[in-house]
1. Tell me the strands (runs of 3 or more DSSP E) entirely within the stretch B:15-125 that contain at least 1 residues that are closer than 30 Å to A:L211 by Cα and over 12 Å from the mean Cα position of the chain (by Cα).
2. Within the stretch B:50-59, identify whether any single residue is β-branched (V, I, T), over 27 Å from A:F246 (Cβ atoms) and free of Cβ contacts under 8 Å to residues at least 60 places away in the same chain, and answer yes or no.
3. Taking the condition of being more than 9 Å from every other protein chain (Cβ to nearest Cβ) and either under 18 Å from B:Q56 (Cβ atoms) or open to solvent by less than 50 Å² (accessible area, probe 1.4 Å) (or both), how many residues in the stretch B:108-125 meet it?
4. Answer yes or no as to whether A:E323 is free of Cβ contacts under 8 Å to residues at least 12 places away in the same chain and surrounded by fewer than 20 Cβ atoms within 10 Å (Cβ to Cβ).
5. Just to verify a result, which residue in the stretch B:19-33, among those that are more than 8 Å from chain A (Cβ to nearest Cβ) and open to solvent by less than 80 Å² (accessible area, probe 1.4 Å), is modelled with the lowest pLDDT?
6. Could you tell me which numbered condition A:D171 fails, if it satisfies all but one of (1) open to solvent by less than 10 Å² (accessible area, probe 1.4 Å); (2) at pLDDT 70 or above?
7. Which residues, counting only those in the stretch A:231-246, are in a loop (DSSP other than H, G, I, E, B) and either farther than 22 Å from B:F33 by Cα or among the polar types (S, T, N, Q) (or both)?
8. Out of curiosity, is A:T317 among the hydroxyl-bearing types (S, T, Y) and out of contact with any Phe, Trp or Tyr (no Cβ under 7 Å at 6 or more places or on another chain)?
Amino acid sequence: MGYHCFGRFRGARRELSHDAIRRHQHKGAAQQATVIFDRNGPGRGIELGTLTFPGAGAPGDKVPARLFIENQVEPRLVRMCQAGWLPAPPPGIDCVENVHTAGYRVTSTLDSALTDQATGLLAESIQMGLQAGCACRDGAIVSIDPQSGEVLVYVPNNDGDPAQRNEGVVDIDQLIESNSPGTAFTPVAFLAWMHGLAKAPMSSLWDTNPLELDGRAITNSRAGGGSEGLISARAALAATQEVAAFRAASEVGIDAVLEMAARLGITTLAMNFDPTWRSHPEMEYGASLASAGVNVRPIDMAYLLATIANTGVMAGTATLASELDPGTLQSLSLAQGSDYDLALMQSRQFVRGDIRLPGTRELDPIVVLEVSDRDGNLLFTQGEPERKRTIDAGSVWLLHTVIPRVLDVRLFPVCRLGCLDRQLRQLTRERWPCAQLCDLISGCSPL
Amino acid sequence: MGAFHDAIQARGKFSVAADFADLQPDNVTFGPFPTTSTEVGVAPRDTGDYSALCQQMIDAWFRTDIQYEDECEAVEVDSRDGSRATDTTPAAIRVLKMFRTLPSLLPEAARALAERLGIPVPPLR
């Protein structure tokens, strides 16, 4: 069976201009690598890796930590430098180079012990699944503390599969790849429906199963098919009934669903916006989004769950990102020449989190707690997180009354994205090893 | 909880509060709520009698600070045959009846389902 769990582009890699490399070569040895530690900081904590120039991360770094540094910490430090949160670089040096050569000692939010434990649990569960005939090889785990917005666990891929390691697959950071969250997205649609149309969990929807529209049929996946007649949102959401989810999204409007997703932390969903940058014009969403979900990053999904778990309050720190002008979007499959170069640059900036769609979240999860210079002088310390209410607490409470598992993990929502192949998903619904694999992570619906 | 959460809870990283009552906002309550649900476990489903569906109340959670829209609509009908009252229908035989509102998306499919189950919906004519 074909296996297509992996995204279309790799995690952000820092690319240096020839000018930057030349400047580096001429500056001599006064520079010093920036060292990233876990949340216990220099002295007491574990060194996760280094930022050197040129290059990102020391070769010997463990993969999860390296990808966390490359795709979360380093872009954040560069934005902090650009925003003046860190001292200005010396003349002739930009913030990218400065962050890599200033010899900073950075205390990240990562809990090394928990991350190691999560890595082991993931590998162990996948191995159990493989032995039982479940052809699921990958997964990813991220944990965000809802009350602080701090990223505590970052497992970007299954590091335990030698076959994947040989293929270089473990280098792919699934936590920032856009993929389908499946029915895990359904609560967003129902929240939009309840919030936008003044509905409650016992408000009802017509359960016209199958729902045939434009030559295709939306069908409930419940055993035996059939219809509940008028089904409450509570029952539809608890049992993930596709027809009701479709009707809910249709009634409130797909724009409202996308707006709710953006409000709760999703950064990748908008009409005519392709987060892979392949082809923006082709990216159209319909009401099927409610029960299938598309183009969502697991780390965004975890932030969304954290916000829901925090009764609608998003905790974090200012993104320090620029707003993307949708009018300037270029597509990799359509553009040529300088427009193609622009598309490439836009996609890289987006993956790094440097540019964002208008209307998306103003806060990011926190990944940096402290920055000191090479002499130990404190340059930055993360204070109390910013907190923004994204949605009325009552609306979120109503959601919690339906799916209390989200609240069960209110201090530790996490998300996993694996078994992404559609055909495989159908199989895994029936097979306990994969269900057990899904059960590894509370807060995510089985795929 | 999943195994991962069990593991991190065992490390003392967090504790789970019982029933989460401490998080309940002021603007929600649990009490009688009007619903036209016909799903399994709700009374009309068991009896098959949906004539009072628009008066059905179920104990449920809801917000206290918003006005919920009625899921039913009132339609004046001719009491002799149940058809919609017209300008020529005598006042003496006009009756105001409540019907479950049909959806704007594929109303014909909902009407067919309603007819099959006996759910009262507004008459076509």
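The values are calculated or read from the model by the stated rules, or taken from the named source; none is laboratory data. Here the structure is a predicted model, which means the values were calculated and not measured. Please note: Cβ atoms are built from the backbone with ideal geometry, for glycine as well, and neighbour counts cover all protein chains shown. Side chains included, ligands, DNA and RNA excluded: accessible areas come from the protein's heavy atoms. Shrake-Rupley method; radii C 1.70, N 1.55, O 1.52, S 1.80 Å.
1. Answer list for the stretch B:15-125: B:57-63, B:72-78, B:94-100.
2. Going through the stretch B:50-59, the residues β-branched (V, I, T) turn out to be B:58.
Going one step further and asking which of them are over 27 Å from A:F246 (Cβ atoms), we end up with none.
So far as the stretch B:50-59 goes, no, none of its residues is β-branched (V, I, T), over 27 Å from A:F246 (Cβ atoms) and free of Cβ contacts under 8 Å to residues at least 60 places away in the same chain.
3. So the answer is 6.
4. Spelling it out, it is not the case that A:E323 is free of Cβ contacts under 8 Å to residues at least 12 places away in the same chain and surrounded by fewer than 20 Cβ atoms within 10 Å (Cβ to Cβ).
5. Across the stretch B:19-33, the extreme among qualifying residues is B:A21.
6. (1)
7. First, pick out the residues of the stretch A:231-246 that are in a loop (DSSP other than H, G, I, E, B): A:239-241.
Matches in the stretch A:231-246: A:T240, A:Q241.
8. Values: among the hydroxyl-bearing types (S, T, Y): yes; out of contact with any Phe, Trp or Tyr (no Cβ under 7 Å at 6 or more places or on another chain): yes.
So A:T317 fits the description; yes.
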